[in-house]
Amino acid sequence: MIQFLNPIKIIVLLTFLVGLLFLNYKNSTHFKLLCILFICFINEYVALILKYKDLSIDNLFNVNILIHNSLWIFIIGSFFSKKYSNSVLVVHLIFCVINMFFFEGYSKFDYYSFVFGALLYTVLFIYLSFIKLKNDDLFFFQSNIYILMFAPVLFFLGLSFMFSFKSKELTSTEVFFGIKLYKFINYFVNIFYYFFINLYIFKEKKKAYV
């Protein structure tokens, strides 16, 4: 019961419900975001069931990483040519599959698959922002779609910082009041992540009624 009251799990559930209520699945971006929220919801609560049965959750998280990061790359890729965005997506998928079967393996958590996808998205985000600045498209930075694309940046960077070292000693370091570094960063980046997703959803809802 305590696990179900975990703040992150509650935020994931509420954001998924908000998305179901206010996002339009006929809108391509909305549909991709709904898919992201759905797999995040499934990931959190299926993981609870697997833990309850003393089963491994690594495969679940590996599949979640593959789909979650690919969808974000798909969303930001819509601002680039179809050929370019498809190429980036294929590179990401190939890396994850090769890493899963030949390097880190599918029987344990694939740290580098997450880090690669996260950095790929972040590079695309910075590159797109640079292009918009170069073209003096300041309206883009005030747009709702920019809020959405900015949402996962800190999430990706924060978790990549921890995963890239693959060090339990580092992530178990106490920050303050007995709170470990992993828990502190995980809570912080998730709250940031879902706050901006919810902000995007409510702004989309408000725009729909204008």
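The values are calculated or read from the model by the stated rules, or taken from the named source; none is laboratory data. Small disclaimer: the values here were computed from a predicted structure and weren't measured. Neighbour counts are summed over all protein chains in view; Cβ atoms, including those assigned to glycine, are modelled from backbone coordinates with ideal geometry. Remember, those area values only see protein heavy atoms, side chains included, never the ligands or the DNA or RNA. Shrake-Rupley method; radii C 1.70, N 1.55, O 1.52, S 1.80 Å.
Taking other residues whose beta carbon is less than 15 angstrom from the beta carbon of residue 201, and scoring Lys, Arg as +1 and Asp, Glu as -1, yields +4. The string of couplings for the range 92-97 from the Karplus curve (6.51, -1.76, 1.60, θ = phi - 60°) is 4, 5, 4, 4, 5, 5 Hz, one whole number per residue in order, with x for Gly and Pro.
Accessible surface computed residue by residue for the chain, with neighbouring protein chains in place and a 1.4 Å probe, gives 58 Å² per residue.
Around the amide H of residue 143, modelled in the peptide plane, lies no amide H under 5 Å away from a residue 5 or more places distant or on another chain.
Just the protein heavy atoms count here, and of the accessible area of the chain at 1.4 Å, carbon and sulfur take up 70 percent. Largest to smallest in accessible area, the residues 84, 45 fall in the order 84, 45 (1.4 Å probe, all protein chains included). Against the chain, whose longest principal axis comes from its Cα atoms, helix 28-52 is set at around 10 degrees.
Separation of the alpha carbons by more than 23 angstrom is noted, of 82/205; 134/203; 83/203; 26/207; 26/206, for 82/205; 134/203; 83/203. For mean projected area of the Cα convex hull in nm², which listed value, (1) 16.1; (2) 13.5; (3) 17.3, comes from the coordinates shown? Recomputing mean projected area of the Cα convex hull in nm² here gives the entry labelled (2).
Counting only Cβ charges, +1 for Lys and Arg and -1 for Asp and Glu, the dipole size of the chain around its Cα centre is about 460 debye. What FRET efficiency do you get for residue 49 and residue 183 if R0 is 25 Å and r is their Cβ-Cβ distance, rounded to the nearest 0.05? Given R0 = 25 Å and the Cβ-Cβ separation, E is 0.70.
GNM remark for the chain: springs join alpha carbons under 10 Å apart, and the peak mean-square fluctuation among 131, 191, 11 falls on 131.
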